[in-house]
Amino acid sequence: ARALGEAALAAGLPKGVLNIVMGDATTGQALVDHPDVALLSFTGSTAVGRRIAASAGQALKRVSLELGGKSACLATADAPAESVVRQVVGSCFLNSGQSCNSLTRLLVPIELYDTYRALLADAVTRLTLGDPLDSATRMGPLVSAAHRDRVRAMIVEGESQGLDLITGGSQAPVPANGYFIAPTIFGRVPPRSTLAQQEVFGPVLSVITYETEQQAIDIANGTAYGLAAAVWAGTTDHALTLARQLRAGQVDVNGAPYNPAAPFGGFGDSGLGREGGKYGIEEFVEIRAIQMPVSSARETA
């Protein structure tokens, strides 16, 4: 945070335009409650977002909340399986799964499950765990011991349910130093199970099978979240038809790259408001109407 402030000053941003205040929850609550703060923009957990929104509501302050997610990647029968796996593995295990928009659910046709299972198992073998500062590392540790233990507990729950453990798991070897969890993939996960419904915020992927595309859409939309999603299909038109039916603030089609000009934000437990491009700027301004008599309008024309 301090480096961000120093970079802003070095770039010529006037002093006072950006202020960096570091602290814990007490500091955050003070900012939420301060009468001179007119809008609150928060990125974090849904639980904390709810508390901020409740506090802001007492003062009728506006909020922009970018919260959790349980993003699904829907792959059709004619989708290029290798490309699908490449995107999903890259997304799910980025930052050790500690990204709100990670693709943590992969929906595949039931008849192609074995194909995807083999591809996923092979792809994960190339995820080298280690020091994030080492160029050879492809996945680092989690943020804390407490968070590691929470993620591990969810993995243990999945194991206890007899799910198909494709790779990883609670007993998989990891580096001794650091809060590591092995990249873990469960297969044939029931759509209403904890792993398919709750945000893990760790390196855990749930593979869910479907029989019809309508069933896949229902599964993708069947959580309290609605932050991001992805669709892979044999043609762009087919993918777009499915993408338009997904309840998510941002949907990637056939591996489309990140677009910083596009709006980013979600529905439901994923939050309120949008970031990115002009949409992120508009969150911080008020719309006003200045109305003039017709005669005055003609004079200024």
message: Looking at (1) farther than 20 Å from residue 191 by Cα; (2) part of a helix (DSSP H, G or I); (3) under 18 Å from the mean Cα position of the chain (by Cα); (4) in contact (Cβ under 8 Å) with a residue 40 or more places away in the chain, which one does residue 90 not meet, given that it meets all the others?
response: (4)
message: Going by what's in this entry, would residue 64 be described as assigned to a strand (DSSP E or B), of a type outside the set (Lys, Arg) and within 24 Å of residue 269 (Cα to Cα)?
response: yes
message: Given the criterion of a type in the set (A, V, I, L, M, F, W, C), farther than 22 Å from residue 197 by Cβ and out of contact with any Gly (no Cβ under 9 Å at 6 or more places or on another chain), identify the matching residue among 75, 54, 79.
response: 54
Condition met for residue 205 (surrounded by 23 or more Cβ atoms within 10 Å (Cβ to Cβ), of a type outside the set (S, T, N, Q) and either out of contact with any His (no Cβ under 7 Å at 6 or more places or on another chain) or without any contact (Cβ under 8 Å) to a residue 24 or more places away in the chain (or both)): yes
query: So, of the residues in segment 236-255 that are more than 16 Å from residue 80 (Cα to Cα) and of a type in the set (Gly, Ala, Ser), which turns out to be surrounded by the fewest Cβ atoms within 10 Å (Cβ to Cβ)?
result: 243
- request: Scan segment 17-26 and give yes if some residue there is on the phi < 0 side of the Ramachandran plot and assigned to a helix (DSSP H, G or I), otherwise no.
  value: yes
message: Cβ-Cβ distance below 8 Å, separation of 6 or more or different chains: which pairs start in segment 167-196 with a residue that is within 21 Å of residue 69 (Cβ to Cβ) and free of Cβ contacts under 8 Å to residues at least 24 places away in the same chain and end on one that is outside any loop (DSSP other than H, G, I, E, B) and of a type in the set (Phe, Trp, Tyr)?
response: none
- request: Return yes when residue 241 is under 18 Å from residue 107 (Cβ atoms), β-branched (Val, Ile, Thr), part of a loop (DSSP other than H, G, I, E, B) and modelled with pLDDT of 95 or more and no when it is not.
  value: no
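The values are calculated or read from the model by the stated rules, or taken from the named source; none is laboratory data. For clarity, every value in this text was computed on a predicted model and none was experimentally measured. As a convention, Cβ positions derive from the backbone with ideal geometry for all residues, glycine included, and neighbour counts pool all protein chains shown.
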